[in-house]
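K.L.:
I'd like to ask you about the structure that follows.
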Amino acid sequence: MSPLWPETIHLGIGPDTLRLHRRGAPELRLPLGEDWAASLAGLPALPRRARLRVCVADRHVRYLRLVWPPGLRAEERAAFVSHRFQAVFGAGPWAVLADRDAICLPSLGAALPAGLLDALTAFAEARRLRLTGCEPAFPQAYNALRARIGGDGALARLESGRVTLGLWQDGQWRAVRSQPVAQADGAAAAACLATLLATLPAGEAPSDPVLYLAGGDPALADLPAGWRCERVEAAA
């Protein structure tokens, strides 16, 4: 007998590992190779019509702070975002994502390799699954944290070999940076934060800011003056 409600399956695409989460079952981990489709094909049989939600590690994602040009029409937004990512990161090809509710204020944009999204779509179709979400890890971590955020601050998400940090001030994104590091720890997060702060105009330092540190080694180097740190859970 089929269940009344379709099962929701969570797939984490890590820096070098696939992680499959199903309710009532232990987590399954498989190596992630360069061929997206071949790696996904190694996953076991899954219930048909199940919902598939995917979280993609920051290693595979590119991020930009998007400042919308005045007078940009709704039908021009996708072309503008695509152009910005190609200008900064090359032709790709990229599957770009942006906050559709952010029209005037600067927003966070993300781009996945188009081949990854194509492979996930084909995998879901072949397995008769419903791909109901594909979200990069950094915005997933930020969205989970939003209820706790008050005032100025930054989120640093650490994963194997990478630190991704977004900085906000007065309710707006001010800067974002995602970079490879030899050791993903508090020292790498502090260094990335200092780099981003140096890009702000003089006299525009955040007020009583908090660095939210997600994942990685708990050791923390000295933070820039006036900053304090709070550890939070990292996205899968």
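K.L.:
Filter the stretch 126-169 down to residues that are without any contact (Cβ under 8 Å) to a residue 40 or more places away in the chain and touching a helix residue (DSSP H, G or I) at 6+ places or on another chain (Cβ under 8 Å) and give me whichever is farthest from LEU200 (Cα to Cα).
P.N.:
By that ranking, first place goes to LEU165.
K.L.:
Residue check, SER178 against (1) modelled with pLDDT under 90; (2) open to solvent by less than 70 Å² (accessible area, probe 1.4 Å), all met but one. Which one?
P.N.:
Failed condition: (1).
K.L.:
From LEU200, LEU193, LEU167, which residue is assigned to a helix (DSSP H, G or I) and farther than 16 Å from GLU233 by Cα?
P.N.:
LEU193
K.L.:
So for the stretch 112-134 (the condition being basic (Lys, Arg), part of a strand (DSSP E or B) and crowded, with 18+ Cβ neighbours inside 10 Å), does at least one residue qualify?
P.N.:
The answer is no; no qualifying residue exists.
K.L.:
For ALA87, are the conditions met, namely being under 26 Å from LEU197 (Cα atoms) and at pLDDT below 90?
P.N.:
no
K.L.:
Would you confirm, using the coordinates I've provided, whether VAL163 is within 24 Å of LEU64 (Cβ to Cβ), open to solvent by less than 60 Å² (accessible area, probe 1.4 Å) and out of contact with any Phe, Trp or Tyr (no Cβ under 8 Å at 6 or more places or on another chain)?
P.N.:
When the stated conditions are applied, VAL163 passes them.
K.L.:
Among (1) surrounded by fewer than 15 Cβ atoms within 10 Å (Cβ to Cβ); (2) farther than 21 Å from LEU108 by Cβ; (3) of a type in the set (Phe, Trp, Tyr), which single condition is TRP36 missing?
P.N.:
(1)
K.L.:
In the stretch 1-26, what residues are farther than 19 Å from SER160 by Cα and exposed (fewer than 15 other Cβ atoms within 10 Å of the Cβ)?
P.N.:
MET1, SER2, PRO3, LEU4, TRP5, ARG23, GLY24, ALA25, PRO26
K.L.:
Going by what's in this entry, would LEU131 be described as among the aliphatic types (A, V, I, L, M), at pLDDT 95 or above and out of contact with any His (no Cβ under 9 Å at 6 or more places or on another chain)?
P.N.:
yes
K.L.:
When residues of the stretch 137-154 are filtered for being closer than 23 Å to ARG53 by Cα, modelled with pLDDT under 95 and hydrophobic (A, V, I, L, M, F, W, C), how many remain?
P.N.:
Here the count works out to 4.
Condition check ((1) of a type in the set (Lys, Arg); (2) outside any strand (DSSP E or B); (3) more than 14 Å from ALA57 (Cβ to Cβ); (4) in contact with a Cys (Cβ under 6 Å, 6 or more places away or on another chain)) across all residues:
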site: PRO6; (1), (2), (3), (4): no, yes, yes, no
site: LEU11; (1), (2), (3), (4): no, no, no, no
site: PRO15; (1), (2), (3), (4): no, yes, no, no
site: LEU20; (1), (2), (3), (4): no, no, yes, no
site: ARG23; (1), (2), (3), (4): yes, yes, yes, no
site: PRO26; (1), (2), (3), (4): no, yes, yes, no
site: GLY33; (1), (2), (3), (4): no, yes, yes, no
site: LEU43; (1), (2), (3), (4): no, yes, yes, no
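K.L.:
Look at the stretch 79-89 and say how many of its residues are open to solvent by less than 80 Å² (accessible area, probe 1.4 Å) and farther than 13 Å from ALA114 by Cα.
P.N.:
So the count comes out to 7.
K.L.:
Just need a number here: residues in the stretch 40-78 that are in contact (Cβ under 8 Å) with a residue 24 or more places away in the chain, open to solvent by less than 60 Å² (accessible area, probe 1.4 Å) and under 21 Å from the mean Cα position of the chain (by Cα).
P.N.:
The number of residues fulfilling the criteria is 13.
K.L.:
A further question follows. Please tell me if PRO209 is under 28 Å from VAL88 (Cα atoms) and surrounded by 17 or more Cβ atoms within 10 Å (Cβ to Cβ).
P.N.:
For PRO209, the condition - under 28 Å from VAL88 (Cα atoms) and surrounded by 17 or more Cβ atoms within 10 Å (Cβ to Cβ) - is not met.
K.L.:
Next up: Could we say that ASP152 is buried (at least 18 other Cβ atoms within 10 Å of the Cβ), farther than 30 Å from LEU18 by Cβ and acidic (Asp, Glu) here?
P.N.:
Answer is yes for this residue.
The values are calculated or read from the model by the stated rules, or taken from the named source; none is laboratory data. Since we're looking at a predicted model, the values are computed, not measured. Neighbour counts are summed over all protein chains in view; Cβ atoms, including those assigned to glycine, are modelled from backbone coordinates with ideal geometry. Only protein heavy atoms, including side chains, enter the accessible area calculation; ligands, DNA and RNA are left aside. Shrake-Rupley method; radii C 1.70, N 1.55, O 1.52, S 1.80 Å.
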